[in-house]
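In what follows, a single structure is set out as structure tokens and then discussed.
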Amino acid sequence: MIAKAMEPFVFGDPGIGAMFDVVAKMVAEYGEENVYNFSIGNPSEPAPEEVKEAIKAILDEEPMKRIHGYNASSSGDAGARAAVAEHLNRLHGTAFTADNIMMTVGAAGGLNVLFKTILDPGTEVITFAPYFGDYNYYVENSGGTLKVVAPNAPTFQPDAAAMEELINENTRAVIINSPNNPTGVIYSEQSLKEIGEVLARKSAEYGYAIFLVADEPYRELAYDGKVVPYATKYYDNTIVAYSYSKSLSLPGDRIGYLVFPSEIEQFDAMKKAAECAIRMLGFINAPSLIQLAVEKCVNASTNIAAYDRNRKALYEGLKGLGYDCVYPDGAFYLWMKTPVEDDGEFAQMALKHRIVVVPGKAFGCPGYVRVAYCVPFEMIGNSMPAFKDLMTEIQDNY
Ligand code: PLP
């Protein structure tokens with residue numbers, strides 16, 4: 001018998017899942033190149049060559065115990081953690097050591113470890129719409145509830161005053177995600193300062209730290225020289241969740257890390273609790289071979305220029321057809337206001353033109369869709385006649 005809590009996922013409204021079934025059928029019928037699938041955040045660029053070279057060298061050079069054994073510390077391989085810390089210090093002028101880093105099973109694994117570390121049943125975590133919907137599961141897995149600040153259109157910067165309204169004695173953390181999935185917006189320094197000020201004031205009022213959790217899988221995907229402010233600089237009780245899924249195109253290798261700055265409340269206890277949490281959740285430690293690859297590849301980069309080219313082509317193409325889009329500064333997603341009110345209805349209409357996008361309600365923000373441009377460049381040009389027909393259909397009928 002499956003758990004009651006899982007029944008809605010198996011027997012309930014299939015939601016976006018239904019759309020994926022339709023897409024699979026369309027691909028079988030029309031061929032992959034004739035379905036414009038902008039729905040998935042799977043990197044279209046391959047992992048950098050350095051990763052392959054690093055893995056080969058590791059297999060040839062490192063002792064089997066280091067490659068395949070349990071890590072001596074649940075926080076991960078000491079060498080990999082030191083390499084990550086030094087890399088962050090070079091980039092951001094921070095002063096981290098291996099002690100501040102825990103290697104994790106992607107950002108998802110990191111966030112689950114963190115919430116197990118800091119949440120009690122009945123506690124709350126706040127985030128800003130639109131947001132990555134899986135946060136609900138990560139928070140609920142540890143008995144918490146996700147509270148969502150309403151979208152702040154048209155900038156989609158986080159609204160610190162609205163966040164303050166949601167804070168109460170049960171609040172344990174606030175999650176931010178920048179560059180943002182799904183908007184592509186980079187949260188400004190001003191936004192981070194305002195959030196930090198509110199959290200410092202409320203933490204002092206309640207007598208314990210409300211943590212800021214910076215979820216940053218898209219940090220390296222920033223365009224036009226835009227800087228993504230490093231959140232630990234604006235508020236002491238900040239924990240960073242990072243992932244190599246997008247920055248090195250390694251989503252299947254499941255590797256990332258948490259940064260616990262030394263300034264956070266109860267630093268030693270937090271580290272100890274996180275090391276228990278990673279075991280209790282069954283991860284034990286992050287995959288060891290790929291930790292060693294990260295150690296050798298901290299300076300490697302994905303082909304950001306390719307995503308940038310896609311970004312410009314998609315934005316210009318859609319704008320030229322009359323679609324209202326947010327110009328993305330980062331990540332590989334474009335956020336588009338739907339020309340009909342109901343984003344679900346728009347996504348269904350798009351499907352008839354073999355265009356697949358994700359309705360904004362999946363991100364807590366109806367009236368928009370997410371168009372993922374981590375796709376082959378040609379697909380963007382090839383899809384434009386379909387987007388044009390879709391717009392014509394809407395103009396003729398609404
Ligand atoms: N956070 C955000 C905002 C994401 O978009 C994703 C994946 O798409 C994740 C976390 C999970 O990433 P990972 O593959 O590192 O677990």
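The values are calculated or read from the model by the stated rules, or taken from the named source; none is laboratory data. In this text the structure is predicted, and so the values were computed from the model without any measurement. Methodologically, a virtual Cβ is constructed for each residue, glycine included, from the backbone with ideal geometry; neighbour enumeration extends over all protein chains shown.
For region 22-48, residues that are of a type in the set (D, E, K, R) and under 24 Å from the mean Cα position of the chain (by Cα) total 1. When region 126-136 is filtered for residues that are within 14 Å of the ligand (Cβ to nearest atom), touching a strand residue (DSSP E or B) at 6+ places or on another chain (Cβ under 8 Å) and closer than 22 Å to ILE186 by Cβ, the ones remaining, listed by number, are THR127, PHE128, ALA129, PRO130, TYR131, PHE132, TYR135.
The condition (being in the same structural domain as ILE278 (by TED's automatic domain parsing) and within 16 Å of the ligand (Cβ to nearest atom)) is satisfied by just one residue among GLY41, GLY110, GLY69: GLY110. Any residue at all in region 204-220 that is away from the ligand (no atom under 16 Å from the Cβ) and under 15 Å from PRO158 (Cβ atoms)? Checked against the condition, which is being away from the ligand (no atom under 16 Å from the Cβ) and under 15 Å from PRO158 (Cβ atoms), region 204-220 yields at least one hit. Note on region 62-109: residues that are free of Cβ contacts under 8 Å to residues at least 40 places away in the same chain, basic (Lys, Arg) and either closer than 19 Å to LEU248 by Cα or not in a helix (DSSP H, G or I) (or both) amount to 1. Considering only residues in region 299-333 that are within 23 Å of GLU216 (Cα to Cα) and basic (Lys, Arg), the one that is surrounded by the most Cβ atoms within 10 Å (Cβ to Cβ) turns out to be ARG311. The condition of being more than 16 Å from the ligand (Cβ to nearest atom) and either small (Gly, Ala, Ser) or over 26 Å from ASP324 (Cα atoms) (or both) holds for only one of SER191, SER178, that being SER191. Taking the numbered list (1) small (Gly, Ala, Ser); (2) buried (at least 16 other Cβ atoms within 10 Å of the Cβ); (3) in the same structural domain as ALA350 (by TED's automatic domain parsing) in turn, GLY31 passes all entries but (2).
Yes/no matrix, rows are residues, columns are (1) touching a helix residue (DSSP H, G or I) at 6+ places or on another chain (Cβ under 7 Å); (2) under 17 Å from ASN42 (Cα atoms); (3) among the small types (Gly, Ala, Ser); (4) assigned to a helix (DSSP H, G or I):
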| site | (1), (2), (3), (4) |
| --- | --- |
| MET336 | yes, no, no, no |
| PRO339 | yes, no, no, no |
| PHE346 | no, no, no, yes |
| LEU351 | yes, no, no, yes |
| VAL371 | yes, yes, no, no |
| MET379 | no, yes, no, yes |
| SER383 | no, no, yes, yes |
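Of the residues in region 162-174, not one is closer than 30 Å to ARG279 by Cα and either aromatic (Phe, Trp, Tyr) or free of Cβ contacts under 8 Å to residues at least 12 places away in the same chain (or both). Pairing each residue of region 201-220 that is assigned by TED's automatic domain parsing to the domain that holds TYR138 with any residue that is within 11 Å of the ligand (Cβ to nearest atom) and of a type in the set (S, T, N, Q), provided the two are 6+ apart or on different chains, yields C-beta distances under 6 Å for ASP215/ASN177; PRO217/SER243; PRO217/SER245; GLU220/SER247.
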